[in-house]
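The values are calculated or read from the model by the stated rules, or taken from the named source; none is laboratory data. Here the structure is a predicted model, which means the values were calculated and not measured. All Cβ positions, glycine included, derive from the backbone under ideal geometry; neighbour counts span all protein chains shown. Surface accessibility is based on the protein's heavy atoms, side chains included, excluding ligands, DNA and RNA. Shrake-Rupley method; radii C 1.70, N 1.55, O 1.52, S 1.80 Å.
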Amino acid sequence: MIRTSINNGSSCAALLLRCTASSSWIINVTSRHKHSSYDVAIVGGGIVGLATARELILRHPTLSFAVLEKEKELAMHQSGHNSGVIHSGIYYTPGSLKARLCVRGATLAYEYLQKKGIPYRKCGKLIVAVEREEIPRLNALYERGQKNNVRELTMVDAKGIREREPYCRGLMALDSAYTGIVDWRLVSLTYAKDFQEAGGTVTTEFEANDIAMVTESPADTTDGMKFPIAIRSSTGEEVRCRYVLTCGGLYSDRLSQISGCSPEPRIVPFRGDYLVLKPEKHYLVKGNIYPVPDPRFPFLGVHFTPRMDGSVWLGPNAVLAFKREGYRVFDFNLRDFADAMSFRGLQKLVLKNVIFGMGEMYRGIFIQAQVKILQKYIPELSFSDVLRGPAGVRAQALDRAGNLVDDFVFDGGVGEVASRVLHVRNAPSPAATSSLAIAEMIADEVESRFSL
């Protein structure tokens, strides 16, 4: 049952099409100058960088801010390649920062979507136990959700499952009515619009490859040394600023190393490949259907996810990507591959999860195996009902011991530049759902470090 709906999938698709077809609707990209100067420059135009830029400029309207993005458009990677789910905060350790940010972030997200008229659907989520040994873990998840103050959370039996999802089968399920779906790229672009309307500047096709202190002011300005940090691009452009905040996602570790930070935690890219349900079979799925997480494995497992455009995604698996922005099976970058494979943390993670990893690769190649798992939840699903679909790449932070880094990691670097640079090396997942809450926390950290 769909609890809440604003507009519909076709409205969302039309609105996103207007955004991307005409960049002026959202993004008035700054003209290129040899030198531009700002109080604060934010490197990274994904959802975390844009939400934080918006939060900072709303708090400090008299300061000048710029977002620097390496792609031609904003939110092109993780922010535009994700499941589109608004999570409610069930999975995370009670009292943890991750739990608090997700619960608050979901509340702020729904308020923002309503205020801005962005289409969304509060279609709910069932976490379904199909085996008896999963029921204790399901009960533990319910208790965890209660402790996290997750809204609209109930347990249902097999009859309750069928009432909510007529084609789904299971013994028991956790019903999260507060879970929803939205197009997070559209949300990201709306953050950018807010930022620009408040006076912020967006510069695309600016790939930062150097952040350094300067010893003299630009010849064509009278600012003197007011802006002592220079951010230089791979094409020789330069932006001057007083302070720098980086929110680099898949490149957060490399950006931080520019100012002398440790190479760890290292970003290791994991690709998730989705299947899509054929349109004539969309009736099989009404809301999100998830498995009970297996604590032996590092990811949630394959699930059913309706989308705002009316499609239904199934998956994803989780396999090592051979390129940080490699959305296709054969995408390869030698530096990215060598960085990942030579990292001791990844080697340890692989050794701890050999069977899981081999299974994920097998299911990525032979989609019949993926469908077999999905049939546990919807027996009527058949191999002929699905097609290969899109993929996303997750920036997974790993430490040297092979542990997934699930908390915030802030860093500045060494030397004189360290006092003027803040790197967000890891932002807790689910970063899209939590983006407005994460932005508040990062903005607090920026204010504290830079005394804005």
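Taking the square roots of five times each eigenvalue of the Cα gyration tensor of the stretch 283-333, the equivalent ellipsoid has semi-axes of 25, 18, 7 Å, listed largest first.
The HN-Hα couplings worked out from phi for the stretch 342-354 by the Karplus form 6.51 cos²θ - 1.76 cosθ + 1.60 (θ = phi - 60°) are 8, 7, 4, x, 5, 4, 5, 4, 5, 5, 6, 10, 4 Hz, whole numbers, x standing for Gly and Pro.
What the Cα convex hull of the stretch 333-375 gives, in volume per residue, is 80 Å³. Taking square-rooted eigenvalues a ≥ b ≥ c of the alpha carbon gyration tensor, is the stretch 391-452 rounded, prolate or oblate, where a/c under 1.5 means rounded and, failing that, a/b exceeding b/c means prolate? In terms of gyration-tensor shape, oblate.
Ranking of Glu447, Glu131, Glu360 by solvent-accessible surface, largest first: Glu131, Glu447, Glu360 (1.4 Å probe, protein heavy atoms only, all chains present). Cross-link pairs exceeding 25 Å between alpha carbons, from the set Lys98/Lys122; Lys125/Lys352; Lys70/Lys323: Lys125/Lys352. Judged by the gyration tensor of its Cα atoms, with axes a ≥ b ≥ c, the stretch 103-183 is oblate; a/c meets the 1.5 cut and b/c is at least as large as a/b. The dipole here belongs to the chain: it is taken about the Cα centre, uses +1 on the Cβ of Lys and Arg and -1 on the Cβ of Asp and Glu, and is about 1080 debye.
Apolar share of the accessible surface for the chain: 52 percent from carbon plus sulfur atoms, 1.4 Å probe. Relative to the longest principal axis of the Cα atoms of the chain, the long axis of helix 135-147 makes an angle of roughly 40 degrees. The calculated 222 nm mean residue ellipticity attributable to helices in the chain amounts to -9500 deg cm²/dmol, summing -39500 (n - 2.57) over DSSP H runs of n ≥ 4 and dividing by all residues. Model label points for Val214 and Tyr283, set 7 angstrom from Cα along the Cα-to-Cβ axis, are 6.5 nm apart. For the pair Leu404 and Ile365 in one chain, pulling the backbone fully straight at 0.36 nm per residue adds 11.5 nm over the alpha carbon distance. Less than 5 angstrom separates the built amide H of Phe206 from those of Glu69, Lys70, Glu71, all sequence-distant by 5 or more or on a different chain.
Taking every Cα-Cα distance in the stretch 305-452 and sorting them into 5 Å bins starting at zero, the pair-distance distribution P(r) comes out as 2, 7, 12, 15, 16, 15, 13, 9, 5, 3, 2, 1, 0 percent. 3J(HN,Hα) along the stretch 105-116, derived from phi through the Karplus expression 6.51 cos²θ - 1.76 cosθ + 1.60 where θ = phi - 60°, amounts to x, 5, 4, 5, 5, 4, 4, 5, 4, 5, 5, 8 Hz, with x in place of Gly and Pro. The listed residues Tyr283, Tyr167, once ranked by accessible area (1.4 Å probe) with the largest placed first, stand as Tyr283, Tyr167. Here's the list of lysines a cross-link from Lys116 could span, going by alpha-carbon distance under 19 Å and ignoring same-chain residues fewer than 8 apart: Lys193. Could you state the accessible area per residue of the stretch 242-294 in Å², with a 1.4 Å probe and every protein chain left in place? I get 29 Å² per residue for this part.
Between the Cα long axis of helix 9-21 and the first principal axis of the chain there is an angle of about 20°, rounded to the nearest 10. In terms of its C-alpha gyration tensor, the stretch 31-109 comes out oblate, because a/c is 1.5 or above while a/b does not outweigh b/c.
Each residue, Gln114 and Val329, gets one label point 7 Å from its Cα in the Cβ direction; the gap between the two is 4.6 nm. Taking every protein chain into account, the accessible area of the stretch 347-426 amounts to 50 square angstrom per residue (probe 1.4 Å). Amide H contacts under 5 Å for Glu325: none, restricted to partners 5 or more places along the chain or on a different chain, H placed in the peptide plane at 1.01 Å from N. The heavy atoms of Lys352 present about 120 square angstrom of accessible area, all protein chains included, probe 1.4 Å. Ordering Trp313, Trp184 by accessible surface, largest first, gives Trp313, Trp184; the 1.4 Å probe counts only protein heavy atoms, with every chain in place.
3J(HN,Hα) along the stretch 305-310, derived from phi through the Karplus expression 6.51 cos²θ - 1.76 cosθ + 1.60 where θ = phi - 60°, amounts to 9, x, 10, 5, 8, x Hz, with x in place of Gly and Pro.
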